[in-house]
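The structure appears right after this line, and notes come after that.
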Amino acid sequence: MNPELDRKLRYLRLSGMAAVLPARNQEAIHHHLAYPEFLELLVEDELAIRRDRLFARRLKQAGIAEVKTLEGYDWSFNPQVPRSLIIDLATARFVREHGGVLLIGPPGTGKSHIAIALTVAAIQAGHTALYRSAFDLTQDMAEAEATGTRKEVTAQLCKVELLVLEDLGMKRLPPTAAEDLLEVFVRRYEKGAIILTTNRPMEDWGQMLGDTAAAGAILDRFLHHAEVIRLQGRSYRMHNRRELRSKQTNEALTGPTE
């Protein structure tokens with residue numbers, strides 16, 4: 001490709017177009033494309049590359065280390081999982097409507113997979129997100145209070161369109177957790193969406209947070225516009241562990257299989 005043209009395209013911030021131009025040029029010559037058709041393909045490529053870059057950037061900003069999708073979810077493992085509801089939530093309508101999703105169930109029943117998949121779907125739909133464990137978030141807020149940066153941390157938590165809090169109740173929370181979580185839920189009420197996963201029933205939240213009044217206020221606001229999904233049944237992790245052990249035993253007895 002003409003180096004000067006490449007430089008001009010990149011100067012105009014059309015690096016995606018510059019990257020595909022040689023291949024598209026050959027395609028246009030081979031298929032005798034008209035100039036408008038050729039240009040349309042280049043524009044579509046630029047837009048697709050920008051969407052991919054934006055998705056990757058927002059995924060990183062959200063703090064999601066491993067991408068999970070509903071396509072990779074084993075619906076047959078626990079058939080009682082409300083598939084139609086979860087697929088509807090994956091349209092990100094609840095994010096646009098500033099709603100919420102509460103996923104309750106024992107460890108290993110798929111809460112995190114669903115939460116991550118819904119977050120990924122929301123990012124693909126163009127929304128911003130932040131994925132944090134409930135413990136880390138309350139620790140961050142406690143540290144921010146001590147360092148005088150609480151205003152900035154709280155602003156970040158309120159700015160994203162979807163806030164995901166994972167594993168509420170898995171670890172002992174800081175003494176200020178009830179007050180901190182209440183502030184987050186109050187500030188985001190009808191202004192931003194929240195997904196929360198927990199293995200603790202709602203009636204235990206007062207004891208878990210050490211503040212029954214705060215727990216009640218959090219639930220009152222959260223449940224007003226939230227879908228509650230209760231997951232029960234077998235543990236994926238234990239199932240996979242048993243399968244791995246069985247495979248290792250068989251290989252030890254018969255030798256590895258292709």
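At least 3 residues that are within 20 Å of ASP88 (Cα to Cα) in each: list the helices (runs of 4 or more DSSP H) lying fully within the stretch 154-234 that qualify. Let's see the steps before the verdict.
Values: elements: 177-188, 205-209, 212-224.
It comes to 212-224.
When you scan the stretch 63-82, do you find a residue that is of a type in the set (Val, Ile, Thr) and in a helix (DSSP H, G or I), even just one? Walk me through it before giving the result.
As a first pass, look at the stretch 63-82 and keep what is of a type in the set (Val, Ile, Thr): 64, 67, 69, 81.
Subset that is in a helix (DSSP H, G or I): none.
No: the stretch 63-82 contains no residue that is of a type in the set (Val, Ile, Thr) and in a helix (DSSP H, G or I).
Look through the stretch 66-84, keep the residues that are under 17 Å from ALA122 (Cβ atoms) and aliphatic (A, V, I, L, M), and return whichever of them is surrounded by the most Cβ atoms within 10 Å (Cβ to Cβ).
Looking only at the stretch 66-84, we keep the residues that are under 17 Å from ALA122 (Cβ atoms), and these are 66-73.
Then keep just the ones that are aliphatic (A, V, I, L, M); that gives 67, 70.
On the way: VAL67: 12, LEU70: 17.
Of everything passing the filter in the stretch 66-84, LEU70 is surrounded by the most Cβ atoms within 10 Å (Cβ to Cβ).
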Seminar exercise, completed: Listed by first then second residue, the pairs whose first member lies in the stretch 36-55 and is surrounded by 14 or more Cβ atoms within 10 Å (Cβ to Cβ) and part of a helix (DSSP H, G or I), whose partner is at pLDDT 90 or above and small (Gly, Ala, Ser), with beta carbons under 7 Å and at least 6 positions apart or on separate chains, are PHE38/ALA28; ASP45/GLY16; GLU46/GLY16; ILE49/GLY16; ARG50/GLY16
For this session: Determine whether LEU21 is in contact (Cβ under 8 Å) with a residue 24 or more places away in the chain, part of a helix (DSSP H, G or I) and outside the structural domain of ALA125 (by TED's automatic domain parsing).
Result: no
For this session: Could you check, for the stretch 89-107, whether at least one of its residues is modelled with pLDDT under 95 and either in contact with a helix residue (DSSP H, G or I) (Cβ under 8 Å, 6 or more places away or on another chain) or of a type in the set (Gly, Ala, Ser) (or both)?
Result: yes
Exercise. Which of the residues that make up the stretch 129-179 are within 20 Å of GLY206 (Cβ to Cβ) and aromatic (Phe, Trp, Tyr)?
Worked result: PHE135
Problem set entry | Test set (1) of a type outside the set (Gly, Ala, Ser); (2) modelled with pLDDT of 95 or more; (3) part of a helix (DSSP H, G or I) - ASN250 fails condition number | (2)
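The values are calculated or read from the model by the stated rules, or taken from the named source; none is laboratory data. All values derive from a computational prediction rather than experimental measurement. Don't worry about glycine lacking a Cβ; one is built from the backbone with ideal geometry, like all the others, and counts go over all protein chains shown.
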